[in-house]
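Undergrad: Quick one: this structure, given as structure tokens, is what I'll be asking you about.
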Amino acid sequence: MAVILTPTKTAAINPLKLSQPLGAALAFLGVDGALPILHGSQGCSSFALVLLVKHFKHMVPLQTTAMDQIATVVGGADFLEKALVKLKARTWPRLIGICTTAVAETRDEDIAGDIINAKGARPRKLIDTEVVLARTPDFAGAMEEGWSKAVTAMIEAITLPGTQDRDPAKVVILPGSNMTVADVEHLRETVESFGLTPLILPDVSGGPDEAVRDRWIPIARGGAKVEHIRDLGAATQCIAVGEQMRRPAEA
């Protein structure tokens, strides 16, 4: 005889689908020519990669620094530098987004300093590539925080500071992680119908959700351009969708 069990929980949540590194990686994938890297062990990136591949139904460019047990204890600066140099030489990304994980954050490493040292040690090998760091430990926060931190990090690292000539036709749109591809496209079409130019960051409508290509491309294709991110300060208006995007809008 069948027994009907009534669930007592109001929701079933899988924390692997809501981690900060996953949200940050997805935000970086909304930039053309970007390559997100999870700074941690191989297992950290494997979970995120499996979830993204299942969702988008095709391979997603996501890499890892592959820290081992020794690096977990003494630090992963060498692994980070090797990953940056090798991936730049193999894929030539326009932007490398580093998403930290619990393995690196538990030691409270100076990852920003490690990136500066890597650039100083091998300046020619990392030329013409923006390296952006998002501190996203997966033991705190959720996907929304990771998404917000990645967008904030890109604006603070890439957008030109100071006063710029304002273009009244440009409008910055910062969509939240809850927005679908159709939502982003609708926002774009609405802004363009007024004769304005939307600058969307991140633009997932042209990035990870694009059609499957005949050959594998190891970096994100489609989405926001790095050149457009540099010129965000020239826009006269900024539309942030969701409370999670308040910090990027203020940046």
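The values are calculated or read from the model by the stated rules, or taken from the named source; none is laboratory data. The model shown is predicted, which means the values in this text are computed figures rather than measured ones. Using ideal geometry, Cβ is built from the backbone for each residue, glycine included, and neighbour counts are taken over all protein chains shown.
Undergrad: Enumerate the pairs (first residue in region 222-233 and not assigned by TED's automatic domain parsing to the domain that holds residue 30; second residue anywhere and assigned to a helix (DSSP H, G or I)) with beta-carbon separation below 7 Å, excluding pairs fewer than 6 apart on the same chain, so at least 6 apart or on different chains.
TA: 226/158; 229/154; 229/158; 230/158; 232/155
Undergrad: When you look at residue 38, is it at pLDDT 80 or above, within 24 Å of residue 179 (Cα to Cα) and in contact with a Ser or Thr (Cβ under 6 Å, 6 or more places away or on another chain), yes or no?
TA: Yes.
Undergrad: Does region 51-73 hold any residues that are surrounded by 13 or more Cβ atoms within 10 Å (Cβ to Cβ), of a type in the set (A, V, I, L, M) and not in a loop (DSSP other than H, G, I, E, B), and which are they?
TA: 51, 52, 53, 71
Undergrad: Examine region 4-11 for a residue that is surrounded by 20 or more Cβ atoms within 10 Å (Cβ to Cβ) and either assigned by TED's automatic domain parsing to the domain that holds residue 219 or among the aliphatic types (A, V, I, L, M) (or both), and state whether such a residue exists.
TA: Within region 4-11, none of the residues are surrounded by 20 or more Cβ atoms within 10 Å (Cβ to Cβ) and either assigned by TED's automatic domain parsing to the domain that holds residue 219 or among the aliphatic types (A, V, I, L, M) (or both).
Undergrad: Tell me, yes or no, whether region 112-132 has at least one residue that is in contact with a Ser or Thr (Cβ under 7 Å, 6 or more places away or on another chain) and at negative phi. Give the derivation first.
TA: Taking region 112-132 first, the residues in contact with a Ser or Thr (Cβ under 7 Å, 6 or more places away or on another chain) are none.
The answer is no; no qualifying residue exists.
Undergrad: Next question. Among the helices (runs of 4 or more DSSP H) lying completely within region 74-180, list those that include at least 3 residues that are outside the structural domain of residue 232 (by TED's automatic domain parsing), buried (at least 17 other Cβ atoms within 10 Å of the Cβ) and in contact (Cβ under 8 Å) with a residue 60 or more places away in the chain. Break it down into steps so the answer makes sense when it comes.
TA: Working: elements: 77-91, 102-105, 111-121, 143-158.
Result: 102-105, 143-158.
Undergrad: Only one of 106, 136, 152, 129 is in contact with an Asp or Glu (Cβ under 8 Å, 6 or more places away or on another chain) and of a type in the set (S, T, N, Q). Can you tell me which?
TA: Matching residue, one of 106, 136, 152, 129: 136.
Undergrad: Still on this structure, I have one more. If I filter region 157-186 down to residues being touching a helix residue (DSSP H, G or I) at 6+ places or on another chain (Cβ under 9 Å) and among the charged types (D, E, K, R), which single residue comes out as modelled with the highest pLDDT?
TA: 170
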